[in-house]
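Since the structure comes first, as structure tokens, the remarks are kept for the end.
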Amino acid sequence: VGPQPEAPPGGGGYYTPPPLDVAVPPTSVPVAVPLRNMLSLDCNRIGWLAAPSADQVSDYVYRREVKHTGHVIDDLGNQVGVICDITPHQVDPAEGLPLSGKATFGKYVTDGNSEETLGCVEINAGKFCNATGVAMTVALRVKLTKKLQSEGCLFYAGDGWCNHFSIKHHRGETRFEACPGNEGKWNSRVEVAAKMDLPVGKVLSIVAVLQETGEMELWVDGQRAATGPGLKNVNGFEISQRHECFVGRWMRPDQSAPTHASLFTLDIFDGAMSEKDVMAHHSCTANNFMYKPRYQTPPVVNFA
């Protein structure tokens with residue numbers, strides 16, 4: 001590893017890898033929807049920390065060290081997501097931000113006593129994941145690098161089991177899972193699921209819609225993959241505050257498998273997306289690029 005970048009005088013600041021040697025079109029086109037967009041995260045807007053920070057965090061069953069290596073930035077320059085345990089590198093716009101693989105170094109020991117390595121993006125749930133009512137929509141663009149294994153989680157928001165809203169792969173099913181805030185327990189969960197493996201190697205549009213009534217829908221590439229009554233079947237269900245949110249891991253690291261995917265965009269809407277808007281999200285998901293970025297030696301940061 002060659003000489004590493006230094007933080008700007010006065011502390012703080014981001015490390016910007018050298019520009020690509022070709023022009024690259026954007027990975028997506030903004031989608032106009034008649035809903036309040038609580039969060040718009042795009043992995044073309046990343047600030048890598050010149051001096052990564054380490055925090056000791058409590059994750060249910062043990063404490064571990066997490067390295068914060070950067071932020072995902074919104075179009076106004078605000079930090080909307082913390083990048084955890086992913087090595088700073090020039091992100092290929094055609095490949096997205098990797099959540100597992102060689103670029104990640106977060107170590108987790110599962111409850112089956114196996115060690116797993118992954119990275120994730122942590123979102124401020126209190127700011128971005130609490131809608132004005134029950135209805136909420138999570139719209140992702142991701143590319144799978146290989147088949148998701150059971151317990152691979154693309155998105156989680158909640159307060160433990162309470163109020164949780166997740167998109168995951170479990171035992172051959174792609175699931176949208178939810179739990180009420182009142183009496184929110186493991187056995188209170190509901191889901192809509194499709195017996196399917198998400199396709200590998202293409203950018204996918206994945207949209208989970210929770211209606212105000214509690215009904216749930218899961219869409220993949222503009223197709224309704226699963227739908228059902230969901231929380232509507234839970235008598236007197238309520239949704240209260242969500243306090244945690246992750247892209248690329250489940251709430252419990254000891255029950256998280258590496259998510260074999262790269263993240264492109266994440267949008268969280270206050271309300272239920274219409275079928276028309278789901279189709280618009282899919283139609284604006286790019287899979288073909290006029291130019292493919294080329295690297296000689298992608299820069300990295302030496303954490304030793």
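The values are calculated or read from the model by the stated rules, or taken from the named source; none is laboratory data. What you see is a predicted model; the values in this text were computed from it and never measured. Cβ atoms come from the backbone with ideal geometry, glycine included; neighbour counts cover every protein chain shown. The accessibility values were calculated without ligands, DNA or RNA, using every heavy atom of the protein model including side chains. Shrake-Rupley method; radii C 1.70, N 1.55, O 1.52, S 1.80 Å.
Data for the structure
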read-out: Those residues of segment 203-218 which are in contact with a Ser or Thr (Cβ under 9 Å, 6 or more places away or on another chain) and not hydrophobic (A, V, I, L, M, F, W, C), in sequence order; value: SER205, GLU215, GLU217
read-out: Matching residues in segment 207-221 - criterion: being touching a residue at least 60 places away in the same chain (Cβ under 8 Å) and either among the acidic types (Asp, Glu) or more than 30 Å from THR104 (Cβ to Cβ) (or both); value: GLN211, GLU212, THR213, GLY214, ASP221
read-out: ARG45, sole failed condition from (1) open to solvent by 20 Å² or more (accessible area, probe 1.4 Å); (2) modelled with pLDDT under 80; value: (2)
read-out: Filtered residues of segment 107-126 (kept if open to solvent by 20 Å² or more (accessible area, probe 1.4 Å) and at pLDDT below 90); value: LYS107, VAL109, THR110, ASP111, GLY112, ASN113, SER114, GLU115, GLU116, THR117, GLY126
read-out: Residues that are within 26 Å of ASP277 (Cβ to Cβ), surrounded by 16 or more Cβ atoms within 10 Å (Cβ to Cβ) and at pLDDT below 90, drawn from segment 183-238; value: LEU198
read-out: Flag if ASP85 is surrounded by 18 or more Cβ atoms within 10 Å (Cβ to Cβ), more than 21 Å from SER205 (Cα to Cα), of a type in the set (D, E, K, R) and modelled with pLDDT of 85 or more; value: yes
read-out: Residue identified as part of a loop (DSSP other than H, G, I, E, B) and touching a residue at least 40 places away in the same chain (Cβ under 8 Å) among LYS146, LYS168; value: LYS146
read-out: So PHE246, is it farther than 22 Å from LEU35 by Cβ and either outside any strand (DSSP E or B) or at pLDDT below 85 (or both); value: no
read-out: Within segment 138-167, tally of residues that are open to solvent by less than 30 Å² (accessible area, probe 1.4 Å), farther than 25 Å from ALA280 by Cβ and touching a Lys or Arg at 6+ places or on another chain (Cβ under 6 Å); value: 3
read-out: Qualifying positions in segment 92-106 - surrounded by fewer than 19 Cβ atoms within 10 Å (Cβ to Cβ) and either modelled with pLDDT under 85 or at positive phi (or both); value: GLY101
read-out: Members of segment 153-165 that are assigned to a loop (DSSP other than H, G, I, E, B) and either within 14 Å of the chain's Cα centre (by Cα) or within 11 Å of ARG189 (Cα to Cα) (or both); value: TRP161
read-out: Filter pass, GLY172 being at positive phi, open to solvent by 20 Å² or more (accessible area, probe 1.4 Å) and not basic (Lys, Arg); value: yes
read-out: ARG249 being touching a Cys at 6+ places or on another chain (Cβ under 6 Å), over 18 Å from THR137 (Cα atoms) and among the charged types (D, E, K, R); value: yes
read-out: Single residue of segment 261-286 satisfying the filter (modelled with pLDDT of 90 or more and assigned to a loop (DSSP other than H, G, I, E, B)) that is farthest from GLY126 (Cα to Cα); value: SER274
